[in-house]
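Have a look at the structure below, then the notes.
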Amino acid sequence: MTPSATVGEVAAKLAATPGIAGTMPTQVAADGSGWSMIQAVPAVDCSPSRRPW
């Protein structure tokens, strides 16, 4: 969650983060609250067969 006014800045930082493979499209809050959500996809394989536990 990030203020909608900073979505571009946050998306750029996520794109430059080595542990992030990509992001989903931004979702703006339907209630007009001024918040947006960007979901990040990790750059690691988190499937059950790859977990150390």
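Among the polar types (S, T, N, Q) and touching a Ser or Thr at 6+ places or on another chain (Cβ under 7 Å) - does that describe any residue in the stretch 16-26? The answer is yes, given that some residue of the stretch 16-26 is among the polar types (S, T, N, Q) and touching a Ser or Thr at 6+ places or on another chain (Cβ under 7 Å). Residues that are among the small types (G, A, S) and in a strand (DSSP E or B) within the stretch 1-46 comprise A21, G22, S36, A40, listed in sequence order. Here is a check on your reading of the model: is S49 modelled with pLDDT of 95 or more and of a type in the set (S, T, Y)? No. For the stretch 4-20, a tally of residues being among the acidic types (D, E) and open to solvent by less than 60 Å² (accessible area, probe 1.4 Å) returns 0.
Checking each residue in the stretch 21-45 for being open to solvent by 80 Å² or more (accessible area, probe 1.4 Å) and over 17 Å from T2 (Cα atoms) picks out V44, D45.
The values are calculated or read from the model by the stated rules, or taken from the named source; none is laboratory data. The structure displayed is predicted, hence computed values, not measured ones. Here Cβ is always computed from backbone atoms with ideal geometry, including for glycine, and neighbour counts include all displayed protein chains. Heads up: the accessible areas ignore ligands, DNA and RNA and are worked out on the full protein's heavy atoms, side chains in. Shrake-Rupley method; radii C 1.70, N 1.55, O 1.52, S 1.80 Å.
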